[in-house]
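Undergrad: Dropping the structure in here first, questions after.
Derivation of every value follows stated rules applied to the coordinates shown; laboratory data play no part. All of these numbers come straight from a predicted model, not from anything done at the bench. With ideal geometry, Cβ positions are generated from the backbone for all residues, glycine too; neighbour counts draw on all protein chains shown.
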Amino acid sequence: MTDGTPPRNGWCSCWRSAGTSTARSRCTDSTAGGRTRHFGLARLLVRHGRGEEAVDTLRARADAHPGDDWALHTLADQYLAQGRPADGLAHLDDLATLRNGEEAWDLYRLRLPLLAAHLGVDAAIAQARSHPEGATSYAASDLAQLLATAGRTEEAVAALRLHEGENLDTLAEQLVVLGRVEEALALHRHTEPPPPLVPTIRLWADEPPR
């Protein structure tokens, strides 16, 4: 988009007047293309240093479609990028209230980087582990990612070890980061299924008995 060529996939109407109220209003439709247009406009605004307007654009999409996981993920990322983790957490709190306080891990995991930026990694992990799904294998993967991003790779490996079978590839990747390549390779070698047995005697005749 830096060469002046309008983006594809339905972004053109927003691109032509990006940042104006007209552009934003054109991105409020409820069709499948609305998601792409919102993202296109938000990305263009970010590139031009107008991150706050990008947040507003994504927030409009998320509010209009509260069940749109894509919108929630993208908005949470943008709140983080703009240095507004508290606002991102407040938005997730509002959504949880609408769900009678229930927040499945797929939604809760959006909180992790926001909590880490707002309260610190340790506080984020402590809160996450108190979640009803905080001891699951998929939660361990998300917590390990948070730790690895903070440069705490050894702790990330320890978290993944709790559910090694379900997080084998991620664990191997973190071991490689630590320079423990042979250990990472050994994980895969030990979990590969044995080759099928090849019979050494004929189990049946190729021809009927005479």
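Undergrad: As a test of the definition: which semi-axes, in Å, follow for region 54-171 when you take the square root of five times each eigenvalue of its alpha carbon gyration tensor? Largest first, please.
TA: 26, 15, 13
Undergrad: Ordered by packing density, taken as the mean number of other Cβ atoms within 10 Å over each peptide's residues, highest first, how do 128-135, 76-83 rank? Walk me through the numbers on the way to the answer.
TA: Details: 128-135: 14.8, 76-83: 17.8.
In decreasing order of mean packing, 128-135, 76-83 become 76-83, 128-135.
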